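**Student:** Once you've had a glance at the structure underneath, I'll fire off some questions.
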Amino acid sequence: MGKFSGRRALVTGAGAGLGRGVALKLAQMGAEVFALSKTEANLSSLKEECPSITTITIDLTNWEATREAVKKITPIHMLVNNAGINIILPFLDATPESFDLMFNLNVKAVMNVSQIVASDLITRQLKGSIVSISSQSGQRALKGRTVYCSTKGALDMMTKVMALELGPKGIRVNNVSPTVVMTKMGRAGYSDPSRANSMLARIPQGKFAEVEDVVNAVVYLLSDESDMVNGHMLPVDGGFLAA
């Protein structure tokens, strides 16, 4: 019997990177895991790696299709809103298209999925935990990330309001706010030593986060050990936000 035996978990953006790591860890810990992504090939390889995981191919920017897909798998006791996108553009070059895409996926889709999961839990009078993947960018401005930082700031505030409203119903809502994470995308984005070194210089521990570092924080916030933690942004940043 695993720590999360008898609990059902949904992880969005679960095909690769951090989301994949979370999905695999939760399955390992006994949860019944539903992995959602728009990339079917990634989900197929995830299913091969862990056959117990149920995969769902959906584009989270499609509001109605997402609602129907999530309704079919309730109840969900543990929700991890991981899906997101980061388009790097200086403020003067930011476009309406990049704004809409990032806010639709990074913020609006979180609201959509969380509404379905939370409403169902309340109807069934069940407790639950929702964890969204935010970023240090939600609390600290970074050049070239006007829209991305704005989406994470919005996500942080949404989480606080959700915690206020859902806490009395037995549903805790928190965020994990990592620094650069060494996923495949993270390694590619910071392969340039000059770019990597400028960021590392701002992190007291002098290193980027590994996927496991963030997964461990997510597991903590989903678990009963964090029963009195609600409405918080947990930095996994090596001290970046302390400086």
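The values are calculated or read from the model by the stated rules, or taken from the named source; none is laboratory data. Everything numeric in this text was worked out from a predicted model, so none of it was measured. Positions of Cβ are generated from backbone atoms using ideal geometry, with glycine treated the same way; all protein chains shown enter the neighbour counts.
**Student:** Are any residues in the range 152-191 without any contact (Cβ under 8 Å) to a residue 12 or more places away in the chain and closer than 15 Å to ASN81 by Cβ, and if so, which ones?
**Tutor:** Within the range 152-191, MET157, VAL161 qualify.
**Student:** I've got another one for you. Here are the criteria: (1) over 18 Å from GLY13 (Cβ atoms); (2) not in a loop (DSSP other than H, G, I, E, B). Tell me which single one PRO75 does not satisfy.
**Tutor:** Condition (2) is where PRO75 drops out.
**Student:** Okay, moving on. Which of the residues that make up the range 221-241 are assigned to a helix (DSSP H, G or I) and touching a strand residue (DSSP E or B) at 6+ places or on another chain (Cβ under 8 Å)?
**Tutor:** LEU221, LEU222, SER226, LEU241
**Student:** Could we say that THR54 is touching a Phe, Trp or Tyr at 6+ places or on another chain (Cβ under 7 Å), farther than 26 Å from SER135 by Cβ and modelled with pLDDT of 95 or more here?
**Tutor:** Yes: the conditions hold for THR54.
**Student:** So, THR123, is that one more than 21 Å from ALA154 (Cβ to Cβ), surrounded by 14 or more Cβ atoms within 10 Å (Cβ to Cβ) and of a type in the set (Ser, Thr, Tyr) or not?
**Tutor:** Here the answer is no, as THR123 does not meet what is asked.
Residue-by-condition table, conditions (1) in a loop (DSSP other than H, G, I, E, B); (2) in contact (Cβ under 8 Å) with a residue 24 or more places away in the chain; (3) under 19 Å from LEU18 (Cβ atoms):
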{"residue": "LEU92", "(1), (2), (3)": "no, no, no"}
{"residue": "GLU97", "(1), (2), (3)": "no, no, no"}
{"residue": "LEU105", "(1), (2), (3)": "no, yes, yes"}
{"residue": "LYS108", "(1), (2), (3)": "no, yes, no"}
{"residue": "VAL117", "(1), (2), (3)": "no, yes, no"}
{"residue": "ASP120", "(1), (2), (3)": "no, yes, no"}
{"residue": "SER129", "(1), (2), (3)": "no, yes, yes"}
{"residue": "LYS143", "(1), (2), (3)": "yes, yes, no"}
{"residue": "VAL147", "(1), (2), (3)": "no, yes, no"}
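**Student:** So ILE203 ticks every box in (1) buried (at least 19 other Cβ atoms within 10 Å of the Cβ); (2) touching a residue at least 24 places away in the same chain (Cβ under 8 Å); (3) out of contact with any strand residue (DSSP E or B) (no Cβ under 8 Å at 6 or more places or on another chain); (4) in a helix (DSSP H, G or I) but one. Which box is left unticked?
**Tutor:** (4)
**Student:** Is the range 97-110 home to any residue that is under 30 Å from ARG195 (Cα atoms), out of contact with any helix residue (DSSP H, G or I) (no Cβ under 8 Å at 6 or more places or on another chain) and surrounded by 23 or more Cβ atoms within 10 Å (Cβ to Cβ)?
**Tutor:** no
**Student:** So, restricting to helices (runs of 4 or more DSSP H) that lie completely within the range 1-72, which ones have at least 3 residues that are on the phi < 0 side of the Ramachandran plot and acidic (Asp, Glu)?
**Tutor:** 40-49
**Student:** Could you please find all residues in the range 46-74 being surrounded by 13 or more Cβ atoms within 10 Å (Cβ to Cβ) and among the small types (Gly, Ala, Ser)?
**Tutor:** Once the filter is applied, which keeps residues that are surrounded by 13 or more Cβ atoms within 10 Å (Cβ to Cβ) and among the small types (Gly, Ala, Ser), the range 46-74 yields only ALA69.
One line per residue, one yes/no per condition, for (1) within 20 Å of GLY21 (Cβ to Cβ); (2) at pLDDT below 95; (3) surrounded by fewer than 14 Cβ atoms within 10 Å (Cβ to Cβ):
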| residue | (1), (2), (3) |
| --- | --- |
| PRO193 | no, yes, yes |
| VAL214 | yes, no, no |
| ASP224 | no, no, yes |
| VAL229 | no, no, no |
| HIS232 | no, no, no |
